[in-house]
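Accompanying notes for the structure given below.
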Amino acid sequence: AAADPVSELPGSLGRGSWCNEHDTLHKRLDIIEEKVIKTVEHLESEVKSLLNIISETTSNIPIAPGTPLIDIFDGKY
């Protein structure tokens, strides 16, 4: 009797298992990607909020006449 050619191929055993692992890995990566995107969006929001607070605070500080303005970033940003 001739053997089933598919079962004779190297690596054919467990192929379904490999596909399931591959799908599971992609699902996990999709979840991680979504979490990273949400984290980045949250951090962007926090940075914008902090920059607004800094901007409002510095604009309300009274400056004595003749006081030189200091660029805290030294023009780097």
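Yes/no per residue for (1) open to solvent by less than 90 Å² (accessible area, probe 1.4 Å); (2) among the acidic types (Asp, Glu); (3) modelled with pLDDT of 95 or more:
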{"site": "Gly11", "(1), (2), (3)": "yes, no, no"}
{"site": "Trp18", "(1), (2), (3)": "no, no, no"}
{"site": "Lys27", "(1), (2), (3)": "no, no, yes"}
{"site": "Glu34", "(1), (2), (3)": "no, yes, yes"}
{"site": "Val40", "(1), (2), (3)": "yes, no, yes"}
{"site": "Ser45", "(1), (2), (3)": "yes, no, yes"}
{"site": "Thr58", "(1), (2), (3)": "yes, no, no"}
{"site": "Ile63", "(1), (2), (3)": "no, no, no"}
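Being modelled with pLDDT under 85 and of a type in the set (Asp, Glu) is true of Asp4.
The values are calculated or read from the model by the stated rules, or taken from the named source; none is laboratory data. Just so it is clear, the model here is predicted, and its values are computed rather than measured. To get the accessible areas, we keep the full protein, side chains included, count just its heavy atoms, and leave off ligands, DNA and RNA. Shrake-Rupley method; radii C 1.70, N 1.55, O 1.52, S 1.80 Å.
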